[in-house]
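Report on the structure given below.
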Amino acid sequence: MNNTEENFGYFAKTVSERLGIAKDTLRSWSLKLEAEGVKFERNARDQRIYYEKDIRALENMKELMDLQQPLNDVSKTIANKIEKSFYNENESINNTEITDSVSQEENALITQEKQMQNFKKELIKELSNKQSEIMEQFKNDLTKEMSTVMQDRFENAVNEAVKMALLQERKEIKKQVVQEIEENALQIASGIEKTNEKGFLKRLKRLFG
């Protein structure tokens, strides 16, 4: 690549199309890199101007993002390389073999880290499912226990009500029996009194008859 192409700047629309990403994504990545100390040239309208070295950095950034790496980590890695002029044309030519070696090592580490993240996700998912099963079993056991307690209470309440009803019935029967006894006693007493009265009258008639 000649110096003219290397020093030719591009606006965000062209760069995003070249990278195959949305303009909003390019803007988000640029902001992250700027937060890490990277400075993009801007024109009088405050638009970012991207040069070939910037595009090479963004291409590397896209490669890492395609491996599902966190944006914050990728931004730090790319910013560190930019600081070391890793993406300048001369440095890129001189470090081709080193770049390939580093990229392979990075990819291996990224793959390993991705596997670890997947393992963690699966473990968390499994623990979550297990916790859900335990909670569901606990709820079922608690429901059964509450049902048993409520049933026992209901049966006790019914038994108590039956006892109260029987006691009340006994009281009523007792009261009725007492009342009948009293009435019978009165009738007997009345009969005796009448009998005595008749006998007394008979004796008087005999005496004065």
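The values are calculated or read from the model by the stated rules, or taken from the named source; none is laboratory data. Quantities reported herein were computed from a predicted structural model and do not represent experimental measurements. Here the Cβ is made from the backbone with ideal geometry for all residues, glycine too, and neighbour counts use every protein chain on show. Ligands, DNA and RNA are excluded from the accessible area calculation, which covers all protein heavy atoms including side chains. Shrake-Rupley method; radii C 1.70, N 1.55, O 1.52, S 1.80 Å.
Observations
- The label-point distance for Asp46 and Glu126, in a model that sets each label 7 Å from Cα toward Cβ, rounds to 5.2 nm.
- 3J(HN,Hα) from dihedral phi, region 61-66, Karplus parametrisation 6.51/-1.76/1.60, rounded to Hz, x for glycine, proline: 4, 5, 4, 5, 5, 5
- Within the same chain, lysines fewer than 8 places from Lys121 are excluded, and of the rest, those with a Cα less than 19 Å from its Cα are Lys130.
- Model label sites at Leu207 and Glu136, defined 7 Å from Cα along the beta-carbon direction, differ in position by 10.7 nm.
- Given charges at beta-carbon only (K, R positive; D, E negative), |dipole| of region 19-67 in Debye: 200 debye
- FRET efficiency for the Glu160 to Asn118 pair, using the beta carbon distance and R₀ = 41 Å, is estimated at 0.10.
- Cα-based shape type of region 117-190, given that a ≥ b ≥ c are square roots of the gyration tensor eigenvalues and the cut on a/c is 1.5: prolate
- Given a 1.4 Å probe and the protein chains as shown, Phe11 ends up with an accessible area of around 100 Å².
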